Amino acid sequence: MAVNFKEKYGLFIGGEWRDASDGKTFDVTNPANGEHLAYCAEATEKDVDDAVKAAWAAFPAWKEVQPQDRAAILNKIADRIDENAELLAAVETLDNGKPIRETTFIDVPWASEHFRYFAGAILTQQGSATVLNTPNITGNALSIVLREPIGVVGQIVPWNFPFLMAAWKLAPVLAAGDCSVIKSSSTTPLSLIVFLELIQDLIPAGVINMITGKGSKAGQYILDHPGFRKLAFTGSTEVGLSIARAAAEKLIPATLELGGKSANIYFDDCNFDQAIDGLQVGILFNQGQVCCAGSRVFVQEGIYDKFVDAAIKAFEKVKQGDTMDMNTQIGSQVNEAQVKKIASYIEIAKQEGATIACGGERATEGDLAKGCYFKPTLITNVTNDMRVAQEEIFGPVAVVIKFKTEDEVIKMANDNDYGLGGAVWTRDIYKAIRVARAVETGRMWVNTYNQIPAGAPFGGYKKSGIGRETDLSIMDAYTQQKNIFVNLSEETTGFYPQD
Ligand code: NAD
């Protein structure tokens, strides 16, 4: 589908689109061919302040909207996404460089599913009432617990799943009755903008406000603003630390979804056909730019040689090409900086004595030379202490490490700062559960990879973050408990006799 982008997109504040207060914009391009797509507004400190004020102005009425009515709005948003799925998928592909089959079958439908899930989630929210009959001065009482929205939330999302990560943030905010000031990545702002254009008539003005601009400016203005009651961030561990510091200084909570270096563990008794498919889903999906990518691949010695041979063949067969072609399996990295970062890790791997078994360089055949394409890469002769086995590369690059025993692989899997994803491949269910429990990570798949539908909690252990998203538990993070404590007796406490 051809997309007619506007020449310039503004900020969405208080239900209206407007230029940045100083009129500045930044350029957005398609990383697959370098073509200019549009200009977006570079938000100033004043714009962020206006967005916070608009959100607080909307909050009193929005928090009183009945759960059934909020649920209806979320379902309508999901319908609107489904009706415009082709457009949203095309926008995301053009802006990000990911292939159209991924945006069509994953990013967009998973986003709409998210709004539908949280439409249901709202209706499950219940308070409680408990009779307390305690001795001493309390007497007979009724404790009523309600969950109330927090207020205005600052939300910052990354470039790797720009629309889906925004859906992860916005669906629970709307469900909980909060208001948002959300900032997309300046690398990929367009899908969130087009989405808001499509749904603006469904939400009251000011409930969602959108800021575009660079992290170091617009992002920093969000961190510095005193008007937020919560921050929610998805992105790198490095920036996540700044978010945590900003939240600590304001004494407000922060949900942090950060980076990873996840262990993808193959035992000798795995289903071999599934294994290679799972390896590719784990590291090639989204050009390897996935927080929970299966980038550290552990293979048991009995199948190691066969596994590496099959993996090389599979990686070399992957179809890399025009991102708008439904047959393209791997697209462009998001920008030149990512290609440089990945290439630098290939050099590090060579210096560390590892072997580049396939790939290891930029793809430049034909039109690929115009974009930020990198060949699917497998690095062997790797030990777990090497930098390529410890640090997040964020590209289609898997390191393969041989292991002998279950204890040995668990120890290696845990010898890493991160703990976001991971998988174990085996036909032995007892071993699968043992290993899944022993690996220190927020999500461990068994005989599958990179499945993140709404309905199961997703989030990190260790340096991969704080808090969970994508299931009911996030509703607690966007609400707070109100306790109403009712005296059921007409007696005085007797503590200060009145005679
Ligand atoms: P990033 O941390 O560079 O940027 C993320 C967002 O933060 C962007 O909107 C950016 O503009 C903003 N930002 C940057 N500096 C800022 C600052 N000083 N103050 C405020 N905001 C600032 O991350 P990225 O490169 O966009 O995304 C890739 C990273 O995101 C990877 O590390 C990946 O693992 C992680 N990620 C994690 C999850 C998860 O669920 N755990 C999901 C997707 C991506």
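Extent of the chain along each principal axis, from alpha carbon coordinates, in Å, largest to smallest?
90, 57, 38
Rounded to whole Hz and in sequence order, give me ³J(HN,Hα) for the range 318-334 from the Karplus expression 6.51 cos²θ - 1.76 cosθ + 1.60, θ = phi - 60°, writing x for Gly and Pro.
For the range 318-334, the Karplus-derived couplings read 4, 8, 10, x, 4, 5, 8, 8, 4, 8, 6, 9, 9, x, 9, 5, 6 Hz, x marking Gly and Pro.
Name the residues whose placed amide hydrogens come within less than 5 Å of the amide hydrogen of ASN264, ignoring near sequence neighbours (fewer than 5 apart) on the same chain.
Close amide H contacts, sequence-distant or interchain: ARG296, VAL297, PHE298, ALA423.
Please state the charge dipole magnitude for the range 263-446, taken about the Cα centre, from unit charges on C-beta atoms (+1 on K and R, -1 on D and E), reported in debye and rounded to the nearest 20.
Value, rounded to 20: 140 debye.
Which one, ASN327, ASN271, ILE193, is farthest towards the positive end of the dipole of the chain when Lys and Arg carry +1 and Asp and Glu -1 on their Cβ?
ASN271
Between helix 85-96 and the chain, what is the angle of the helix's C-alpha long axis to the longest principal axis, kept within 0 to 90° and rounded to the nearest 10?
60
What number comes out for accessible area per residue over the range 1-154 if the probe is 1.4 Å? Units Å², please. Walk me through the numbers before you get to the answer.
Details: 7080 Å² over 154 residues.
Accessible area per residue, the range 1-154: 46 Å².
THR29's amide H: which non-local residues (gap 5+, or another chain) put their own amide H closer than 5 Å, with H modeled 1.01 Å from N in plane and none for Pro or chain starts?
Sorted by chain and number, the residues that satisfy this are LEU37.
Explain nothing, just compute: Karplus ³J(HN,Hα) = 6.51 cos²θ - 1.76 cosθ + 1.60, θ = phi - 60°, for every residue of the range 267-283 in order, whole Hz, x for Gly and Pro.
8, 3, 8, 6, 6, 5, 4, 5, 4, 5, 4, x, 4, 5, 4, x, 10
Where does helix 162-176 land angle-wise versus the long Cα axis of the chain, in degrees 0 to 90, nearest 10?
Helix 162-176 sits roughly 20 degrees off the main axis of the chain.
Distance between the C-alpha centers of the range 425-458 and the range 98-175? Whole Å please.
24
Give me the percent relative contact order of the chain, please, defined on Cα pairs under 8 angstrom at least 6 residues apart. Show your work: numbers first, answer last.
Details: 1135 pairs, mean separation 92.1, N = 499.
Computed value for the chain: 18 percent relative contact order.
So if the hydrodynamic radius of the range 263-446 is defined as the Kirkwood radius over C-alpha pairs, what does Stokes-Einstein give as its diffusion coefficient at 4 °C and 1.567 mPa s, in µm² per second?
Rounded, D is 79 µm²/s.
Mind checking which of ILE303, THR25, PHE374 is farthest towards the positive end of the chain's charge dipole, using Cβ charges of +1 (Lys, Arg) and -1 (Asp, Glu) about the Cα centre?
Selected residue: ILE303.
Could you check the simple spin-label distance between GLU316 and GLU491, using points 7 Å along Cα→Cβ, in nm with one decimal?
8.6
Would you mind working out the accessible area per residue for the range 263-446, using a 1.4 Å probe, and quoting it in Å²?
40
Pulled fully out, how much extra length does the chain show between GLU83 and ASN414, if you take 0.36 nm times their separation in residues and subtract their Cα-Cα distance?
114.8 nm
Could you tell me how many degrees, from 0 to 90 and to the nearest 10, lie between the Cα long axis of helix 190-199 and the main elongation axis, the longest principal axis, of the Cα atoms of the chain?
Around 40 degrees separate the two axes.
In whole Hz, with x marking every Gly and Pro, tabulate ³J(HN,Hα) for the range 39-44 from phi via Karplus 6.51 cos²θ - 1.76 cosθ + 1.60, θ = phi - 60°.
Here the 3J(HN,Hα) series is 10, 10, 6, 9, 5, 9 Hz.
Long-range amide H contacts for ILE182: which residues qualify at under 5 Å (H placed 1.01 Å from N, peptide plane, sequence gap of 5 or more or a different chain)?
The list, which skips near neighbours in sequence, is GLN155, ASN209, MET210, ILE211.
Give me the percent of accessible area attributable to carbon and sulfur for the chain, probe 1.4 angstrom.
51
The values are calculated or read from the model by the stated rules, or taken from the named source; none is laboratory data. Keep in mind it's a predicted model, so treat the numbers as computed, not measured. Backbone-built Cβ (ideal geometry, glycine too); neighbour counts: all protein chains shown. Ligands, DNA and RNA are stripped out before the accessible areas are found, and what is left, the full protein with its side chains, is counted by its heavy atoms. Shrake-Rupley method; radii C 1.70, N 1.55, O 1.52, S 1.80 Å.
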